[in-house]
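The values are calculated or read from the model by the stated rules, or taken from the named source; none is laboratory data. Everything numeric here is computed off the predicted structure, so don't read it as measured data. As a convention, Cβ positions derive from the backbone with ideal geometry for all residues, glycine included, and neighbour counts pool all protein chains shown. To get the accessible areas, we keep the full protein, side chains included, count just its heavy atoms, and leave off ligands, DNA and RNA. Shrake-Rupley method; radii C 1.70, N 1.55, O 1.52, S 1.80 Å.
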Amino acid sequence: MNDKRFSLALLLALFTLSILVACATPPAAAPSPAAPAEAKGKIAIYTSVPQPIADKIQADFQAKFPGVTLDIFRGGTSEVVAKIMTEKAGGEIIADLVWVAEPSTYEDFKAQDLLLKYTPAEASALTDEMKDKDGYYYAGRLINMVIAYNSATDPKPKSWKDLLNPAYKGKIGFPSPLNSGAAEGAVKTFADLSNFGWKYFDDLKANGAKQVANNSTLRDQIASGEFKVGVLLDYMVREVKPKGATIEYVWPDEGAVFIPSPIAILKTTKNPVTAKAFLDFVLSKPGQETMVKLGFFIPIRADVTPPEGAPSLDKIKRLPTDWKAVTRDRQATKDKWTEIFGK
Amino acid sequence: MKRLRLNSGQATLAFAVLVLTILVVYPLAQLVYQSIQYNQQWSLQSYLAAMTSESNLLALRHSLEVSLAAMLGSTVLGTFLAWLIARTDLPGRNFFRTAFVLPFLIPPFIGALAWLQILGPVGYLNKFLMTLTGASEPFWNIYGPAGIVLVMMLHEYPTVFISVLGGLERMNPELEEAAQISGGRIFRVMRDVTLPLMMPTIAAGALLVFITDIANFGVPAILGFSENYYVLTTQIYNVITRSTQPNSLNIAAAMSILLALVSGLGIFLQRFYLSNKEFAVISGKSMQPNVVKLGAHRYWLFALALTLFVIATVAPLVAILLTALVRAYGLPPLPENLTLQNFYDVLMLNQSSRRGIVNSLGLAVTAATIISLLSAFIAYIIVKTKMRGRALLDFISNAPYTLPGTVVALAMILAWLKPLPLIDFRLYNTIWILLVAYVARYLAFGVRTAAGSLAQVHSSLEEAARISGAGWLQSFRDIVIPLIRPGLFAGWFLVFIPCLRELTISALLWSTRNETIGVVVFNLQQSGNTSASAALAVIMIAVLLIANLITRRLTGGKLGY
């Protein structure tokens with residue numbers, strides 16, 4: 001009798017349990033195939049965008065797409081590239097998107113067939129210099145190499161040639177092109193200009209210029225007075241000004257080194273829908289407004305207001321940079337730099 | 001019955017061998033294998049590339065210079081302080097005995113970060129002296145070799161201090177007394193009798209410092225990168241993480257083996273001195289040692305000791321706290337510039353630093369628990385059985401801690417980069433590779449303490465259980481484990497704290513979402529977010545202090561500082 005009751009109870013319990021399990025398991029049926037694919041799941045982006053800004057973009061994007069987990073690996077351009085290369089050697093690239101400082105890396109990746117071709121709806125809103133003609137990458141932000149100086153620096157620099165002024169002797173910082181893609185672009189730009197050339201770097205070295213590991217470090221070192229002047233990315237100065245940092249920047253007379261920072265989707269992505277959504281988000285008007293607000297970047301679109309005190313895209317006087325040549329001569333540039341600044 | 005016992009014993013051995021093969025042997029074999037591969041072919045090209053590159057040779061020279069200089073400094077400082085505590089009537093000796101080992105609590109790379117705030121080109125001390133003297137140049141620049149030596153010295157002298165202090169306190173004073181009776185003046189006795197007697201202890205301590213310093217990654221990374229001053233560990237790190245050249249991992253493997261050889265030479269010498277240490281001078285009896293009456297010298301020596309304590313422990317802590325509290329880096333730490341914003345940023349806004357704290361705690365707890373369990377088995381085989389190959393087991397379980405962390409990390413990358421066969425799961429780029437690396441790295445701590453406890457358990461207890469019919473596993477579970485539980489417990493903490501402060505291995509194995517707290521501090525500093533890195537460093541120190549206090553409490557003061 002007892003046994004029977006026990007068996008009955010057990011049966012009932014099992015029955016209830018199976019119903020509960022059935023209810024808890026989401027229905028396996030797929031949503032109607034006609035519905036547009038929805039951004040969800042995990043994507044990873046490897047980027048050289050500074051951590052605090054990357055954090056804010058991540059929070060903003062995840063708030064817009066609650067079903068998405070956005071992972072960010074942050075490092076200097078060469079770190080990001082080395083990591084993707086190591087992953088490639090291991091047989092699987094984890095990154096879905098790559099967003100580093102300058103276009104030459106993307107020319108490399110394009111040649112290695114690592115990138116996914118994609119034409120976002122927003123592509124038409126961009127000028128030609130903001131996108132790859134083959135549709136593999138698009139500028140997600142615009143950064144410029146300019147001259148930054150400590151607020152107490154006297155006289156204030158106005159042009160690139162001013163950096164050779166003995167008044168700044170030993171107090172000039174230059175981010176290392178061995179780590180920073182933007183710096184590499186700048187070095188190659190000057191090296192290729194007839195009125196600058198490598199001699200400019202010999203002269204800088206003679207005036208006591210020092211190489212610094214990366215842009216953010218140099219920014220802090222100028223703000224703290226360790227350096228009087230330095231070659232730096234424009235937005236980095238705008239970013240800390242509101243906090244009261246003692247640093248200023250100037251658009252050099254000869255022009256700035258103008259760097260559209262591209263973003264691209266890797267061909268190996270397992271979540272192309274969400275990766276595309278991120279790319280769309282970055283290029284879109286609200287996306288660029290976010291970049292202005294969070295990162296103090298100059299927008300890549302004409303229809304977005306630049307951050308306070310910054311010029312719009314078309315007002316920037318720029319030096320010519322041949323990004324294909326940057327890619328081609330990468331090792332030579334780094335070797336020559338090491339020869340001058342290495343010891 | 002007998003057969004069954006034997007089988008479970010053999011099964012244990014097989015289990016231990018399997019675990020050690022996966023954790024240690026396979027990764028190290030991969031490292032050696034990859035170092036003799038180039039373009040996927042057998043070749044010594046990687047070694048050639050590693051040894052002919054001028055920057056690598058320079059890094060090797062830097063490694064030797066910095067480590068030897070720091071070794072000398074630590075040895076002189078550690079020996080002098082040990083003498084001061086053990087053999088003089090210096091006031092406050094008991095306080096200093098604890099105070100002088102406190103630098104052990106702070107991870108060296110945090111020390112480097114802190115010293116940057118004091119003696120960096122715009123460090124507090126430099127700024128103060130510049131204002132005072134009206135100089136336009138900083139008084140001293142901590143970047144580069146001199147700063148690296150300073151920070152290493154201040155962090156490693158306790159190694160020498162502790163071993164020499166122990167030696168002095170256990171030394172048989174009769175020899176000194178005999179010399180004194182024969183008319184030797186106290187300082188002469190110290191020089192001619194005490195010092196020579198302590199020499200093997202001092203040398204062994206010094207070499208331990210050398211091995212630690214040559215394997216150090218954090219200090220030369222933080223104080224060297226910006227000056228392009230590389231040592232072997234940071235050079236290997238650079239090749240692994242920043243080189244976009246083909247075969248860079250093979251070249252890094254060859255460089256790692258060179259580093260392991262240099263460090264191995266140090267270990268060999270250290271073992272040599274330790275084996276020579278068995279003089280008749282160490283007696284177990286506690287005796288009243290000779291004490292030098294300092295007389296009038298006691299005042300300035302006390303001031304000196306206090307200054308050293310402030311320099312080694314107080315100043316870096318204060319400096320890093322100030323930087324964490326200042327609104328924007330570079331502003332003076334005046335009341336109007338102070339804010340808690342940096343703490344808010346790293347705890348609330350920056351997701352990676354929050355994850356880093358959680359990951360580090362999780363990894364430390366898991367690694368410590370796994371090691372405690374594993375080491376019970378491994379130590380049992382080493383101590384209690386006569387199985388062949390048990391000495392090898394001991395050697396293998398020690399290898400990952402003896403080798404520089406950079407070498408272990410690269411071995412792990414090479415071993416686990418490709419997906420595992422059959423299950424198609426990749427450890428690389430997940431948190432599991434960090435766990436595997438931590439378990440391998442600190443296994444020696446667990447095995448050593450478990451072996452120590454096991455040696456004190458007499459076999460008769462186990463035999464009694466077996467005679468009463470218990471199987472091997474049962475007697476292991478019911479007799480051996482309960483008896484060595486305090487040892488396993490101590491081993492747990494010996495692993496837990498180093499895992500929390502780890503940087504060298506984590507810096508190479510972390511991936512997105514799988515950061516450790518040390519990695520986040522380091523990355524923030526490297527990417528120029530000095531204020532945020534200082535804030536997180538303060539949090540890290542707080543976590544370590546709490547963990548240390550808990551350790552002390554739970555082990556009844558036997559562990560921790």
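So what are the ³J(HN,Hα) numbers for the stretch B:212-219, from phi and the Karplus equation (6.51, -1.76, 1.60; θ = phi - 60°), rounded to whole Hz, Gly and Pro as x?
5, 6, 6, 8, 5, 10, x, 5
For A:T69, list long-range residues whose amide hydrogen, built 1.01 Å from N in the peptide plane, is under 5 Å from its own amide hydrogen.
Here A:G41, A:K42, A:I43 satisfy the definition.
Which angle between 0 and 90 degrees, to the nearest 10, do you get for helix A:197-206 versus the longest principal axis of chain A when only C-alpha atoms count?
In chain A, helix A:197-206 runs at an angle near 80 degrees to the longest axis.
Determine the percent antiparallel among the DSSP beta bridges restricted to the protein assembly as shown, to the nearest 5.
Roughly 60 percent of the beta bridges in the protein assembly as shown run antiparallel, per DSSP.
Using a Förster distance of 45 Å, how high is the FRET efficiency between B:L304 and B:Q456, based on the Cβ-Cβ distance and rounded to 0.05?
Result of the calculation: an efficiency of 0.60.
Please give the solvent-accessible surface of B:L119 in Å², to the nearest 10, using a probe radius of 1.4 Å with every protein chain present.
10
In sequence order, what are the phi-derived ³J(HN,Hα) couplings for the stretch A:164-176 according to the Karplus relation 6.51 cos²θ - 1.76 cosθ + 1.60 with θ = phi - 60°, rounded to whole Hz, with x for glycine and proline?
8, 4, x, 4, 9, 3, x, 10, 10, x, 9, x, 6
In square angstrom, what is the accessible area per residue of the protein assembly as shown with a 1.4 angstrom probe?
43
Tell me, which residues of the stretch B:517-548 get at least 40 Å² less accessible area when the other protein chains come in, versus the chain alone (1.4 Å probe)?
The answer is B:S527, B:G528, B:N529 - residues whose exposure falls by at least 40 Å² when every protein chain is included.
Using a 1.4 Å probe on the protein heavy atoms, what percent of the accessible area of the stretch A:65-108 belongs to carbon and sulfur?
Within the stretch A:65-108, the accessible surface is 54 percent carbon and sulfur.
Evaluate the charge dipole of the stretch B:46-339 about its Cα centre and quote only its size in Debye, nearest 20, assuming +1 on the Cβ of each Lys and Arg and -1 on the Cβ of each Asp and Glu.
Using only the charged Cβ atoms, the result is roughly 440 debye.
Please give the residues from the stretch B:224-244 for which the solvent-accessible area of heavy atoms, probe 1.4 Å, is smaller by at least 20 Å² with all protein chains in place than with the chain isolated.
Checking the loss per residue gives B:S226, B:N228, B:T241, B:R242, B:T244.
If you take every DSSP beta bridge fully contained in chain A, what fraction is antiparallel? Give it as a percent rounded to 5.
So the antiparallel bridges in chain A amount to around 55 percent.
Enumerate the amide H contacts of A:L233 below 5 Å, restricted to partners 5 or more residues apart or on another chain; note that Pro and chain-start residues carry no placed amide H.
A:V146
Is the shape of chain B best called rounded, prolate or oblate, per the rule: a/c under 1.5 gives rounded, else a/b larger than b/c gives prolate, else oblate, with a ≥ b ≥ c the square roots of the Cα gyration tensor eigenvalues?
The shape class here is oblate.
Show A:E79, A:E184 ordered by accessible area, largest first, where the area counts protein heavy atoms only and the probe is 1.4 Å.
Highest to lowest solvent-accessible surface, that is A:E79, A:E184.
Are there any residues in the stretch B:422-455 with a reduction of at least 10 Å² in accessible surface when going from the isolated chain to the assembly of protein chains? Probe 1.4 Å, please list them by number.
Buried by the other chains: B:R426, B:Y428, B:N429.
Treating cross-link reach as a plain straight distance, find the aspartates and glutamates whose alpha-carbon is under 17 Å from the alpha-carbon of B:K418, omitting any fewer than eight places away in the same chain.
Candidates past the 8-residue exclusion: A:E87, A:E92.
For A:K117, give me every one of the lysines with a C-alpha distance below 18 angstrom, ignoring sequence neighbours fewer than eight places off in its own chain.
Filter leaves A:K131, A:K133, A:K267, A:K270, A:K276.
Tally Lys and Arg at +1 and Asp and Glu at -1 over the other residues with C-beta under 14 Å from the C-beta of B:V326: what net charge comes out?
Combined, the nearby Lys, Arg, Asp and Glu give 0.
Once you sort the root eigenvalues of the Cα gyration tensor of the stretch B:46-339 as a ≥ b ≥ c, which label holds: rounded (a/c under 1.5), prolate (a/b larger than b/c) or oblate (the other case)?
oblate
Would you please give the FRET efficiency between B:L549 and A:K156, computed as 1/(1 + (r/R0)^6) with r the Cβ-Cβ distance and R0 = 60 Å, to the nearest 0.05?
In this case the efficiency is close to 0.70.
In the neighborhood of B:P108, defined by Cβ-to-Cβ distances under 14 Å, what is the net charge if each Lys or Arg adds +1 and each Asp or Glu adds -1?
Around B:P108, the charge tally is -2.
Considering only B:F445, B:M171, A:T69, whose Cα is most displaced toward the positive end of the charge dipole of the protein assembly as shown, charges sitting on Cβ of Lys, Arg (+1) and Asp, Glu (-1)?
The residue sitting most towards the positive pole is B:M171.
B:Q37's amide H: which non-local residues (gap 5+, or another chain) put their own amide H closer than 5 Å, with H modeled 1.01 Å from N in plane and none for Pro or chain starts?
So B:Q37 has HN proximity to B:S43.
Compute for chains B and A the buried accessible surface, both sides summed, probe 1.4 Å, and express it in Å² to the nearest 100.
3500
Need one number: nm distance between label points at A:Q112 and A:E289, each 7 Å from Cα along Cα→Cβ, rounded to one decimal.
Going by the 7 Å Cα→Cβ label model, 3.8 nm.
Compute the distance in nm between two label points, each set 7 Å from the Cα along the Cα-to-Cβ direction, one at B:L132 and one at B:L195.
Taking the two extended label points, one gets 3.3 nm.
Can you check what the net charge comes to around A:N144, using other residues whose Cβ is under 9 Å from the Cβ of A:N144 (Lys, Arg +1; Asp, Glu -1)?
Charge balance near A:N144 sits at 0.
Along the stretch B:538-554, what does the Karplus equation 6.51 cos²θ - 1.76 cosθ + 1.60 (θ = phi - 60°) give for ³J(HN,Hα), rounded to whole Hz, x for Gly and Pro?
Once θ is set to phi - 60°, the couplings for the stretch B:538-554 become 4, 4, 4, 4, 4, 4, 5, 5, 5, 4, 5, 5, 4, 4, 4, 4, 6 Hz.
With the full set of protein chains in place, find how many percent of the accessible area of the stretch B:1-147 is carbon and sulfur; take the probe as 1.4 Å.
After summing per-atom areas, the C and S share lands at 69 percent.
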